1. Is segment 174-189 home to any residue that is surrounded by fewer than 19 Cβ atoms within 10 Å (Cβ to Cβ), in the same structural domain as Arg233 (by TED's automatic domain parsing) and under 13 Å from Ala242 (Cα atoms)?
2. Provide a single number: the residues in segment 22-58 that are over 17 Å from Asp105 (Cβ atoms) and aliphatic (A, V, I, L, M).
3. Yes or no: segment 106-123 includes at least one residue that is assigned to a strand (DSSP E or B), surrounded by fewer than 20 Cβ atoms within 10 Å (Cβ to Cβ) and away from the ligand (no atom under 16 Å from the Cβ).
4. In this structure, is Pro213 more than 30 Å from His22 (Cβ to Cβ) and either in a strand (DSSP E or B) or not hydroxyl-bearing (Ser, Thr, Tyr) (or both)?
5. Which residues, taken from segment 177-197, are within 16 Å of the ligand (Cβ to nearest atom) and touching a residue at least 40 places away in the same chain (Cβ under 8 Å)?
6. Which condition from (1) crowded, with 21+ Cβ neighbours inside 10 Å; (2) away from the ligand (no atom under 16 Å from the Cβ) is the one that Gly221 breaks?
7. Among what's in segment 227-270 and is within 16 Å of the ligand (Cβ to nearest atom) and small (Gly, Ala, Ser), pick the residue that is surrounded by the most Cβ atoms within 10 Å (Cβ to Cβ).
8. Can you spot a residue in segment 101-120 that is of a type in the set (Lys, Arg) and in contact (Cβ under 8 Å) with a residue 24 or more places away in the chain?
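The values are calculated or read from the model by the stated rules, or taken from the named source; none is laboratory data. What you see is a predicted model; the values in this text were computed from it and never measured. Cβ placement follows ideal geometry from the backbone for every residue including glycine, while neighbour counts extend to all protein chains displayed.
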Amino acid sequence: MAASGALEAATLIELPRASYVHDFTATERHIILVLQPWIQERFVAPLAAGFAWRPELGTQVLVIDKADLGKRRTFETDPFFVFHMGDAWEETDGTIRFDLCADPDASFAVEGGAALINGRRPAALARPELRLISLHPDGRCGVEKSGLVAEFPKADPRFAGLGRGQTVCAGSGQGDNPLFQSLAVRDWKRDRVDSFDFGPRQPVEEALFVPRPGSTEEFDGWLLGASINLDARASELHVFDARRVSAGPVCSWRADVALPISLHGAFKGA
Ligand SMILES: [Fe+2]
């Protein structure tokens with residue numbers, strides 16, 4: 001893209017399989033596509049009905065050189081289903097790392113999401129796990145499991161493309177809530193999770209990070225997260241100290257309306 005926003009050049013990238021691609025990530029030098037074994041085999045409506053779960057194919061991670069799109073490496077790992085990925089970075093020895101939330105299969109995409117939209121309880125709850133993926137120069141793909149059931153992995157955006165140790169997510173909690181109900185910060189280096197559970201009567205959306213002015217350390221600032229309080233029948237907005245999430249919100253507002261619970265969080269420009 002030109003600085004003006006005009007398109008200067010575009011190239012189609014041929015993929016080895018027609019995986020469902022919801023998200024991607026990148027380092028300074030590479031584009032990273034996770035090609036899960038949920039493969040589009042037919043064009044039908046609804047779109048999800050045309051995909052087939054083919055676990056025998058495993059999951060592939062495709063690493064494409066931004067400077068030369070023909071230069072690619074493919075990493076192979078066990079099958080998992082994925083919607084969202086966090087920011088990636090490359091270490092000095094060439095190892096690429098990024099995080100994602102992996103489901104054991106595509107059942108939420110096939111059945112669970114449609115059930116929720118139609119006001120039904122899904123037959124099986126989505127149980128995505130936050131994982132750290134390491135793509136090693138020798139071709140190995142390492143998967144570090146956190147044990148944290150969560151979605152919407154996000155890094156401190158000031159560390160995009162840089163080595164980092166933490167990930168914020170919307171997490172599950174006590175009870176069998178089909179939605180997320182906690183805010184969780186995973187610390188990969190200390191093998192720790194700092195989280196706050198709103199309880200099953202208060203589903204949450206993806207939180208946003210706001211840096212403390214002048215700060216440079218990872219997650220030194222605040223996390224802003226919206227929820228819907230089912231008992232108060234109202235939407236709420238909460239502010240957490242991002243490095244002391246388990247202490248609970250430092251500030252909460254309650255709206256005089258209940259907005260439908262959603263998924264992603266984003267700031268809207270004025
Ligand atoms: Fe999404």
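1. Yes, segment 174-189 has at least one match.
2. 7
3. The first filter runs over segment 106-123 and keeps only residues assigned to a strand (DSSP E or B), leaving none.
No, segment 106-123 contains no residue that is assigned to a strand (DSSP E or B), surrounded by fewer than 20 Cβ atoms within 10 Å (Cβ to Cβ) and away from the ligand (no atom under 16 Å from the Cβ).
4. Details: more than 30 Å from His22 (Cβ to Cβ): yes; either in a strand (DSSP E or B) or not hydroxyl-bearing (Ser, Thr, Tyr) (or both): yes.
Taking the combined requirement at face value, the residue satisfies it.
5. If the condition is that a residue be within 16 Å of the ligand (Cβ to nearest atom) and touching a residue at least 40 places away in the same chain (Cβ under 8 Å), then Leu179 is the only one that fits.
6. (1)
7. Gly265
8. Looking through segment 101-120, none of the residues is of a type in the set (Lys, Arg) and in contact (Cβ under 8 Å) with a residue 24 or more places away in the chain.
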